[in-house]
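Heads up: the structure comes next, in C-alpha cells.
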Amino acid sequence: PLSVREALVAKVDEGAKDVKIQGWVRSVRSQKEVLFLHVNDGSSLESLQIVAEPGLKNSAVSFGSSVEVCGVLVKSPGKKQSAELKAKEIRVIGDCDSQDFPFKIKERHPPEYVRQHPHLRCRTNTFASLLRVRSAATLAIQQFFQSNGYVHIHTPIITSNDCEGAGELFQVEAANRDQKGDGGFFGVPAFLTVSGQLHLEIMSGGFQKAFTFGPTFRAENSQGRRHLAEFYMVEAEISFTESLEDIMQVMENLFKDTTAAILSKCPEDMNFFFKYVSTGQQGSLEKMIKNNFIVMSYTEALEILTRATTSFQHKTEWGCDLQKEHEKYLVKHCGNIPVFVTDYPYDLKPFYARDNEDGPQRTVAAVDLLVPGIGELFGGSLREERLHFLQSRLDRLGLSDTYQWYLDLRRFGSVPHGGFGMGFERYLQCVVGVDNIKDTIPFPRFPYSCLL
Ligand code: 4AD
Ligand code: MG
C-alpha cells in the first residue's frame with residue numbers, strides 16, 4: 001500500500017497503475033450517486049480525497065471507520081493537492097458507529113474534551129500533528145548530540161538516590177508481597193528517577209561529552225499547566241569545562257538547532273499550529289531563533305523585579321526562589337527573548353552545584369533558561385568537582401554516607417564539569433504554543449489521573 005503522504009504528492013500520469021490506500025475515514029459526503037471520502041493514515045496532516053463512482057457506494061463507510069481503498073490516482077481538480085484517488089473498490093476493515101464515536105465530523109473539539117479520550121486522541125488533527133512534531137524533535141535532539149560527539153547513555157529509571165534532593169520521589173516496590181523479602185524488593189528504598197544527572201556525571205568521568213534522553217518522574221503536587229508527574233528530560237554533561245558560558249552555549253544551540261529542524265521537517269504541522277492553535281507563535285519563535293539569548297545574574301534579575309511596578313503575589317527579596325510570575329515578568333522585560341538567569345543563591349540549588357566563592361556560601365554557578373509562555377525550560381550548573389567543598393556540603397546535609405560513590409568521583413581523576421536538563425514537554429509546549437503541557441505527551445500523568 002501507498003501512504004497517504006506518498007499519494008498526495010504522487011505525479012499523476014495517463015495510464016496510471018492501481019494503488020492501494022489504508023487508513024481511517026475523516027469525512028464522508030454523498031453527492032447524488034458519487035461518494036467523497038477523506039482518508040488519513042497519520043503520515044500527513046492532509047487527508048487523501050477518495051471519489052467513489054456510482055455503484056461503489058458502501059453504506060458501511062462512516063466517519064471513524066478503517067478502510068482499504070483500491071483505485072487509480074488522478075489529477076485533483078482542487079488546488080491544494082496534486083492527486084485524488086478514483087476508487088474501484090472500498091473495503092471497510094473496521095466499522096465505526098459515528099453516533100457513539102466521541103469525535104464528530106469537521107468539529108474542532110476543545111483540548112480538555114479530547115484529553116478525556118486518550119485511547120482515541122491520535123485521530124484528531126491537533127494531536128496527530130503534535131505527535132509528528134514530537135517524533136521529529138526526538139530525532140533532531142539525537143542528531144544534535146550524536147553529531148557533536150556526545151555518547152548516548154541509558155541512565156536507569158529505578159534508582160536509590162534523589163538527585164534534586166527535593167523529596168519529590170515515587171517509591172518503587174514489588175506489588176506482590178512474596179517478592180518483597182525483608183528490606184523490600186531491592187533491599188533498599190528505591191525510587192523512579194527524578195533526573196539522570198548523577199548517573200550521567202559518572203559517565204562524564206570517562207567520556208568528555210555524554211547525554212541522556214528518557215522519562216523522569218516527580219511527585220509534585222501540581223495540577224499546573226506546565227507540570228507532569230512523568231515527563232521526558234534531555235540531559236547533557238560536559239567534562240573539562242570551568243565555564244558556565246560553555247554550558248549555556250550548548251543549551252542555546254540545542255534549542256535553536258532542534259527548533260530549526262522541526263520547522264524544516266514538519267512545515268505543514270507547524271503551520272497548522274500557527275494558524276489554529278497559537279496565533280502569533282510563528283513570529284515569536286522566529287524571534288527566539290534569530291536573537292542571541294539574554295544573560296543576567298540572579299542578583300540582576302532581583303533588581304529588575306524589585307524595580308517593577310507590577311505587584312507580585314510572592315515577595316522578591318534576594319534569596320527567594322523565582323516564581324512563575326517572576327519568570328514571566330523577566331522574559332517580558334527582555335522583549336520575549338529567552339533569558340539565562342545565572343548564579344543563584346547557594347541555598348536555592350541542590351548539593352551538586354559549584355560554589356562561586358563570592359562570599360560564605362553565597363551563590364553557585366547554576367543557570368536556568370526562561371522562555372516566553374513557559375518560564376523555566378532548562379536547569380543547569382557547573383558541578384562541584386572539588387572534594388573538600390563537596391564533602392563539607394554533604395556533611396552538613398547528612399548525606400556523605402549516601403554519596404560516597406559521588407565523592408569517589410572527586411577522588412579518582414576529578415575534572416571540572418557541568419551540564420543541564422531540558423524538559424522535553426515544556427520544550428514542545430514552547431515551540432508549538434499549546435496552552436497545557438498535558439497536550440504534548442501521549443499519555444499524561446498528573447495528580448489524580450493515570451488514565452489507561
Ligand atoms: O530544573 P530541574 O529540576 O533540573 C534537574 O533535574 C537537573 N538535575 C538537570 C541537569 O542538570 N541534568 O529539571 C530540568 C527541567 C526543568 O527546567 C523543566 O523544564 C523540566 O525539567 N521539569 C518538568 N517538566 C514537566 N513537569 C515537571 N514536573 C517538571 N519538573 C521539571
Ligand atoms: Mg529547575
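A short reminder: the numbers here are calculations on the coordinates, not readings from a lab. Remember, it's a predicted structure, so these values are computed and weren't measured experimentally. Quick reminder, even Gly has a Cβ in these numbers, built from the backbone with ideal geometry, and neighbours come from all protein chains shown.
The C-alpha atoms of the chain define a longest principal axis, and helix 281-290 lies at about 50 degrees to it.
Within 12 Å, Cβ to Cβ, of K106, how many net charges do the neighbouring residues add up to if Lys/Arg are +1 and Asp/Glu are -1? Write down the numbers at each step before the final one.
Numbers: positive: R26, R29, K104, R108; negative: E107.
Here the count lands on +3.
If packing is taken as the average count of other Cβ atoms within 10 Å, what order do 150-163, 33-46 fall into, highest mean first? Working shown, then result.
Numbers: 150-163: 16.3, 33-46: 18.5.
Those peptides, ordered most packed to least, come out 33-46, 150-163.
Only Lys, Arg, Asp and Glu carry charge here, each on its Cβ (+1 for the first two, -1 for the last two); on that basis the chain has a dipole of about 1840 debye about its Cα centre.
Taking a ≥ b ≥ c as the square roots of the eigenvalues of the Cα gyration tensor of the stretch 335-427, is the shape rounded (a/c under 1.5), prolate (a/b larger than b/c) or oblate? Note, shape of the stretch 335-427 comes out prolate.
Each helix, a run of at least 4 DSSP H residues, gives -39500 (n - 2.57); summed and divided by the residues of the chain, these come to -8000 deg cm²/dmol at 222 nm.
If the chain between Q146 and A219 were fully stretched, how many nm would it gain, using 0.36 nm times the residue separation less the Cα-Cα distance?
Working: separation 73, 0.36 × 73 = 26.28 nm, distance 3.15 nm.
Gain in length upon complete extension: 23.1 nm.
Residues whose amide H falls under 5 Å from that of F103, counting only those 5 or more places apart or on a different chain, are absent, with hydrogens built in the peptide plane.
How large is Rg over Rh for the chain, taking Rg from the Cα atoms and Rh as the Kirkwood inverse mean of 1/r across Cα pairs? Can you show the working numbers first?
Numbers: Rg = 26.3 Å, Rh = 24.9 Å.
For the chain, the value is 1.05.
Once the Cα atoms are used to define both axes, helix 125-146 deviates from the longest principal axis of the chain by about 50 degrees. Across the stretch 32-48, rounded Karplus estimates of 3J(HN,Hα) from the backbone phi angles (6.51 cos²θ - 1.76 cosθ + 1.60, θ = phi - 60°) give 6, 8, 9, 10, 10, 10, 10, 10, 10, 10, x, 7, 7, 5, 5, 9, 8 Hz, Gly and Pro being marked x. By the count of other C-beta atoms within 10 Å, a proxy for reagent exposure, E385, E245 are ordered fewest to most as E245, E385.
Excluding G64 itself, calculate the net charge of residues whose Cβ lies under 11 Å from the Cβ of G64, where each Lys or Arg counts +1 and each Asp or Glu counts -1. It would help to have the intermediate numbers written out before the result.
Values: positive: R26, K104, R123; negative: D95, D97, D100.
Taking every other residue near G64 into account, the sum is 0.
Over 27 Å between C-alpha atoms is what I'm after, so list which of K88/K265; K86/K106; K332/K438; K256/K324; K106/K275 land there. Let's see the in-between values first.
On the way: K88/K265 34 Å; K86/K106 23 Å; K332/K438 24 Å; K256/K324 23 Å; K106/K275 16 Å.
From the list (K88/K265; K86/K106; K332/K438; K256/K324; K106/K275), the Cα-Cα distance tops 27 Å for K88/K265.
Based on alpha carbons, the Rg and Dmax found for the stretch 280-395 are 15.5, 51 Å.
Normalised by the empirical 2.2 N^0.38 Å for globular proteins, what value does the Cα Rg of the stretch 4-107 take?
On the way: Rg = 13.0 Å, N = 104, 2.2 N^0.38 = 12.8 Å.
With N residues counted in the stretch 4-107, Rg over 2.2 N^0.38 Å equals 1.01.
Please give the FRET efficiency for C450 paired with W405, using the beta carbon to beta carbon distance and R0 = 35 Å, rounded to the nearest 0.05. The pair C450/W405 has a calculated efficiency of 0.60.
Database remark: amide H of K88 closer than 5 angstrom to the amide H of C70, G71, V72 (H placed geometrically; neighbours at sequence offset of 5 or more, or on other chains; Pro and chain starts carry no H).
Let me check against my output: what whole-number percent is the relative contact order of the chain, with C-alpha pairs under 8 Å and at least 6 apart? Intermediate results must be reported in sequence, preceding the final value.
Numbers: 836 pairs, mean separation 59.1, N = 452.
Across the chain, relative contact order equals 13 percent.
Over all directions, what mean area does the Cα convex hull of the stretch 234-331 project, stated in square nanometres?
8.9
The angle between the Cα long axis of helix 387-397 and the longest principal axis of the Cα atoms of the chain comes to about 80 degrees, rounded to the nearest 10. Ranked by how many other Cβ atoms sit within 10 Å of their own Cβ, fewest first, the residues V51, V194 fall in the order V51, V194.
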